[in-house]
Amino acid sequence: MAVLKILKYPDARLHKVAAPVREVDDRVRQLVRDMAETMYVAPGIGLAATQVDVHERIIVIDISETKDALQVFINPELVDSAGEPRVYEEGCLSVPGIYEEVERPESVTVRALDADGRPFTVQAEGLLAVCLQHEMDHLEGRVFVQYLSRLKQSRIRSKLLKAERQAA
Ligand code: QAP
Ligand code: CO
């Protein structure tokens, strides 16, 4: 296993659109394991392949308290979204230290392949619904800060660029 490097906003590579996985093989399973380890070490509750500079449609999520309930979504497709828009304070491993409110539909139905390449469908609400929508956005090259005002986006950009300079 390996801990992968996480791209930080504003990195242009975060805006690439990910390509579908053609076959769920050992290479993909190894990548899933590395993504899971990267997420657990961070620690985070969700990670999209885009964030580790792999532009393939793969997401790992673990919203459990005990961090022992990994959920893998390969080639996820939004089948349906429903309910009132809900506001949730989101963060992102690619946007460290920034938490902002984002509005999204309260429930989603997503179809995907699991790590064995088997199709499944989930109907998610609450935190899982937020997380799935946030991570599926990454696969489209969208980062949650893009839902904020231009002023907030520009402040976040400056803050993270400054933090990066100081870390170097
Ligand atoms: C996406 O986010 C998410 O700023 C996953 O300094 C977030 O795992 C979905 C993290 C909220 C739904 C609700 C963020 C860790 C982790 C930070 C994460 C940080 C350290 C974010
Ligand atoms: Co994110």
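The values are calculated or read from the model by the stated rules, or taken from the named source; none is laboratory data. In this text, all values refer to a predicted model and were calculated from it rather than measured experimentally. No Cβ is skipped: glycine too gets one built from the backbone with ideal geometry, and neighbour counts run over all protein chains shown. In case anyone asks, the SASA skips ligands and DNA or RNA and just uses the protein heavy atoms, side chains included. Shrake-Rupley method; radii C 1.70, N 1.55, O 1.52, S 1.80 Å.
Rounded to the nearest 500 deg cm²/dmol, what is the calculated helix-only ellipticity per residue at 222 nm for the chain, with -39500 (n - 2.57) per DSSP H run of length n ≥ 4?
Rounded to the nearest 500, the figure is -9500 deg cm²/dmol.
In the range 23-65, what percent of the accessible surface is made up of carbon and sulfur (1.4 Å probe, ligands and nucleic acids excluded)?
With neighbouring chains kept in place, the figure for the range 23-65 is 49 percent.
Treating the beta-carbon of each Lys and Arg as +1 and of each Asp and Glu as -1, no other charges, what is the dipole magnitude of the chain about its Cα centre, to the nearest 20 debye?
Computed charge dipole of the chain: roughly 920 debye.
What Rg and what Dmax come out for the range 93-153 when only alpha-carbon atoms are used, in angstroms?
13.6, 44
What residue among Leu70, Leu139, Leu47 has the largest mean-square fluctuation in a Gaussian network model of the chain, using Cα springs under 10 Å?
Leu70
Can you tell me the accessible area per residue over the range 33-137, all protein chains present, probe 1.4 angstrom, in square angstrom?
Ligands and nucleic acids excluded, the figure is 46 Å² per residue.
Could you check which residue among Thr66, Thr121, Thr38 shows the biggest mean-square fluctuation in a GNM of the chain with a 10 Å Cα cutoff?
Thr66
Run through the range 41-96 and list the GluC sites (Glu not before Pro) located in a DSSP loop whose Cβ has at most 16 other Cβ atoms within 10 Å.
Answer by residue number: Glu65.
Hey, what D do you get for the chain in µm²/s if you plug the Kirkwood alpha-carbon radius into Stokes-Einstein at 25 °C and 0.890 mPa s?
For these conditions, the coefficient is 151 µm²/s.
With springs only between Cα atoms under 10 Å, which of Gln133, Gln51, Gln146 fluctuates most in a Gaussian network model of the chain?
Per the Cα network of the chain with a 10 Å cutoff, Gln146 tops the list.
What fraction, in whole percent, of alpha-carbon pairs in the range 36-99 exceed 18 Å separation?
Within the range 36-99, distances greater than 18 Å cover 47 percent of Cα pairs.
So what's the gap between the Cα centers of the range 81-140 and the range 1-53, to the nearest angstrom?
Spelled out, the Cα-based centre of one part sits 16 Å from the other.
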